[in-house]
Amino acid sequence: MSVDEAGTARGNAGADEPGWEVDPDDESGSALVASVGRQIKAWRESAGMRAGEFGAAIGYGEDLVFKVEGGRRIPRPEFLDRADEVLGAAGKLAMFKKEMAEVRYPKKVRELAKLEAQAVELEAYHHHNINGLLQTEEHMRALFASWLPAYTQDEMDRVVAARLARRSILGRAPLPSLSFVQEEVTLRRPVGGTMVLRRQLEHLLEVGRLPNVAVQVMPTCREEHCGTGGLIEVLRFPDGSAVGRSEGAFSGRPVSDPKQLRILGLRYGMIRAQALSPRESLAFIEQLLGET
């Protein structure tokens, strides 16, 4: 990397980019960010450096340094790496990169991501939108842009980053078994416009061909349909336990009782049986792509 390129990279890293604000409603996340900020300040003061001097050394502005140290801004991984190097912390600051990257996501999403990271099986039926794990980034942004009340740019960046991070389950080792059933209407609605829809359908075909993934389509013309109660999601874990939820059962709350899970499993199993097979579904999606 040339001197000019390095300067540009540092300048970009030092920008006060959106998506790294602290969520005031996330008490545990805010406390963690504040704790890391205090440690950075302690290391800086121990090194005898003023905030402005420290910021110049790591390529960030003094104002951003104060925000990070005051727990008002989540430090980016690059910030922690440079701070660790400049302050001679021997990894004691850089070690927080993973936690800081995760805490920027909404608390509910973090909890879901942790469950998904442990799951060996996932079953999901969605009827209003394409499942978040199957969405392209531009589809996500177009979808979130239509929600009310409207997201700010910072909020948009935060929820999109969180959803993109969850997609790691698709290729995690060992491969989990993933089953998705989508209503036909979710594949026809041109969220974001025709080209966004085309790329979304192409992405569905790509994901649906993965060895551990089954994507099925529920045709609108089906007379018998066990999914009219709404969304169903079930995660199963290595020890045989599971957690699930459904809009049409148990008041929509997450459940782990075997009897309640059996009901969700029964409904999902019938939904899969009533939908097109995985092979038929991929052919159907290819047909939609040709019509779009």
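The values are calculated or read from the model by the stated rules, or taken from the named source; none is laboratory data. Everything numeric in this text was worked out from a predicted model, so none of it was measured. Heads up, the Cβs are rebuilt from the backbone with ideal geometry, glycines too, and the neighbour counts pull from every protein chain shown.
For the stretch 238-266, which residues satisfy the criterion of being out of contact with any Leu (no Cβ under 7 Å at 6 or more places or on another chain) and of a type in the set (A, V, I, L, M, F, W, C)?
Phe250, Leu261, Ile263, Leu264, Leu266
Out of the stretch 32-46, which residues are under 14 Å from Leu87 (Cβ atoms) and aliphatic (A, V, I, L, M)?
Of everything in the stretch 32-46, those that are under 14 Å from Leu87 (Cβ atoms) and aliphatic (A, V, I, L, M) turn out to be Val36, Ile40, Ala42.
Could you say whether any residue in the stretch 116-132 is surrounded by 17 or more Cβ atoms within 10 Å (Cβ to Cβ), among the acidic types (Asp, Glu) and either under 12 Å from the mean Cα position of the chain (by Cα) or not assigned by TED's automatic domain parsing to the domain that holds Gly227 (or both)?
Yes, there is a match, as at least one residue in the stretch 116-132 is surrounded by 17 or more Cβ atoms within 10 Å (Cβ to Cβ), among the acidic types (Asp, Glu) and either under 12 Å from the mean Cα position of the chain (by Cα) or not assigned by TED's automatic domain parsing to the domain that holds Gly227 (or both).
In the set Arg267, Arg245, Arg262, which member is in the same structural domain as Leu133 (by TED's automatic domain parsing), of a type outside the set (A, V, I, L, M, F, W, C) and within 21 Å of Gln135 (Cα to Cα)? Walk me through it before giving the result.
Working: Arg267 fails: within 21 Å of Gln135 (Cα to Cα); Arg262 fails: within 21 Å of Gln135 (Cα to Cα).
Testing whether each residue is in the same structural domain as Leu133 (by TED's automatic domain parsing), of a type outside the set (A, V, I, L, M, F, W, C) and within 21 Å of Gln135 (Cα to Cα) leaves just Arg245.
Determine which single condition Ser168 fails, assuming it passes every other condition in (1) surrounded by 14 or more Cβ atoms within 10 Å (Cβ to Cβ); (2) assigned to a helix (DSSP H, G or I); (3) modelled with pLDDT under 90; (4) not aromatic (Phe, Trp, Tyr).
Here Ser168 clears every test but (1).
If you take the residues in the stretch 44-62 that are among the aliphatic types (A, V, I, L, M) and either outside the structural domain of Arg82 (by TED's automatic domain parsing) or assigned to a helix (DSSP H, G or I) (or both), which one is nearest to Arg76 (Cα to Cα)?
Among those residues, the one meeting the criterion is Ile58.
For the stretch 178-224, enumerate the residues that are among the small types (Gly, Ala, Ser) and either surrounded by 14 or more Cβ atoms within 10 Å (Cβ to Cβ) or at pLDDT below 95 (or both). Break it down stepwise before answering.
Kept after step one, since they are among the small types (Gly, Ala, Ser), are these residues of the stretch 178-224: 179, 192-193, 208, 214.
Ser179, Gly192, Gly208, Ala214 - these are the residues of the stretch 178-224 that are among the small types (Gly, Ala, Ser) and either surrounded by 14 or more Cβ atoms within 10 Å (Cβ to Cβ) or at pLDDT below 95 (or both).
Scanning for something of a type in the set (Lys, Arg), more than 24 Å from Ile263 (Cα to Cα) and either assigned by TED's automatic domain parsing to the domain that holds Tyr60 or under 12 Å from the mean Cα position of the chain (by Cα) (or both), does the stretch 139-148 turn up at least one residue? Can you show your working first?
Filtering the stretch 139-148 for residues of a type in the set (Lys, Arg) gives 141.
From the residues that got through so far, the ones that are more than 24 Å from Ile263 (Cα to Cα) too are 141.
If we keep only those that are either assigned by TED's automatic domain parsing to the domain that holds Tyr60 or under 12 Å from the mean Cα position of the chain (by Cα) (or both) too, we end up with none.
So far as the stretch 139-148 goes, no, none of its residues is of a type in the set (Lys, Arg), more than 24 Å from Ile263 (Cα to Cα) and either assigned by TED's automatic domain parsing to the domain that holds Tyr60 or under 12 Å from the mean Cα position of the chain (by Cα) (or both).
Within the stretch 247-292, how many residues turn out to be within 24 Å of Leu235 (Cβ to Cβ) and assigned to a helix (DSSP H, G or I)?
22
Quick one: in the stretch 147-163, of everything that is among the aliphatic types (A, V, I, L, M) and closer than 26 Å to Ala117 by Cβ, which residue is modelled with the lowest pLDDT? Give the derivation first.
From the stretch 147-163, those among the aliphatic types (A, V, I, L, M) are 148, 150, 156, 159-162; that's our starting set.
Next, only the ones that are closer than 26 Å to Ala117 by Cβ stay: 156, 159-162.
Details: Met156: 90, Val159: 88, Val160: 92, Ala161: 88, Ala162: 85.
If we take residues in the stretch 147-163 being among the aliphatic types (A, V, I, L, M) and closer than 26 Å to Ala117 by Cβ, then Ala162 is modelled with the lowest pLDDT.
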